[in-house]
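Only one structure is covered here, and it is reproduced in the block below.
The values are calculated or read from the model by the stated rules, or taken from the named source; none is laboratory data. This is a predicted model, so every value here is computed, not measured. Heads up, the Cβs are rebuilt from the backbone with ideal geometry, glycines too, and the neighbour counts pull from every protein chain shown.
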């Protein structure tokens, strides 16, 4: 069993995503896939431990991996994963795709390039 450390920032307000993780509403974390990076998230395995850290508060929470699915596009992922478990309250695959488009602009060229070139990893998590 491996341990992974994942930092993440908020979406709309401070600690919003972290609060979804803590409450158990968010049960799927996503990360860009890049086979050439040290943090190749496709290597996360069933039973691994993920320690999430909020960039807003530094607070940490531990979750256990229940599955890892690799997709070559965000569009394929949203057709195969429950979108409200990725971003609670988002409502539809189309709206989640728009969120990822916003994040590509917010988080820059490297994030955008990895998603568009390699795809995305969906990681199932539980407490």
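Just to be sure I understand, how many residues within segment 26-36 are closer than 15 Å to residue 114 by Cβ and either assigned to a strand (DSSP E or B) or touching a residue at least 24 places away in the same chain (Cβ under 8 Å) (or both)?
So the answer is 6.
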### Task
Taking the options 45, 2, name whichever one is touching a residue at least 40 places away in the same chain (Cβ under 8 Å), closer than 28 Å to residue 113 by Cβ and either crowded, with 16+ Cβ neighbours inside 10 Å or touching a strand residue (DSSP E or B) at 6+ places or on another chain (Cβ under 7 Å) (or both).
45
### Summary
Considering segment 8-25, residues that are in a helix (DSSP H, G or I) and over 13 Å from the mean Cα position of the chain (by Cα), and then whichever is nearest to residue 103 (Cα to Cα), we arrive at 16
### Task
Check segment 68-88 and report whether any residue there is in contact with a helix residue (DSSP H, G or I) (Cβ under 8 Å, 6 or more places away or on another chain), in a loop (DSSP other than H, G, I, E, B) and under 23 Å from residue 19 (Cβ atoms).
yes
### Message
Return the pair list, or none, for Cβ contacts closer than 7 Å from residues in segment 81-96 that are under 20 Å from residue 68 (Cβ atoms) to residues that are at pLDDT below 95 and loosely packed, with under 11 Cβ neighbours inside 10 Å, at least 6 apart or on different chains.
### Response
none
## Note on the structure
Only unsatisfied item for residue 25, checking (1) farther than 12 Å from residue 122 by Cα; (2) surrounded by fewer than 16 Cβ atoms within 10 Å (Cβ to Cβ); (3) touching a strand residue (DSSP E or B) at 6+ places or on another chain (Cβ under 8 Å), is (3)
#### Entry: Within segment 89-99, tally of residues that are surrounded by 14 or more Cβ atoms within 10 Å (Cβ to Cβ) and in a loop (DSSP other than H, G, I, E, B)
1
### Task
Answer yes or no as to whether residue 68 is under 19 Å from residue 7 (Cα atoms) and either surrounded by 19 or more Cβ atoms within 10 Å (Cβ to Cβ) or in contact (Cβ under 8 Å) with a residue 40 or more places away in the chain (or both).
yes
### Residues that are over 15 Å from residue 110 (Cβ atoms) and in contact with a helix residue (DSSP H, G or I) (Cβ under 8 Å, 6 or more places away or on another chain), drawn from segment 33-53
52
### Task
Sort out which residues of segment 45-57 are modelled with pLDDT of 95 or more and part of a loop (DSSP other than H, G, I, E, B), and write them in order of number.
45, 46, 47, 48
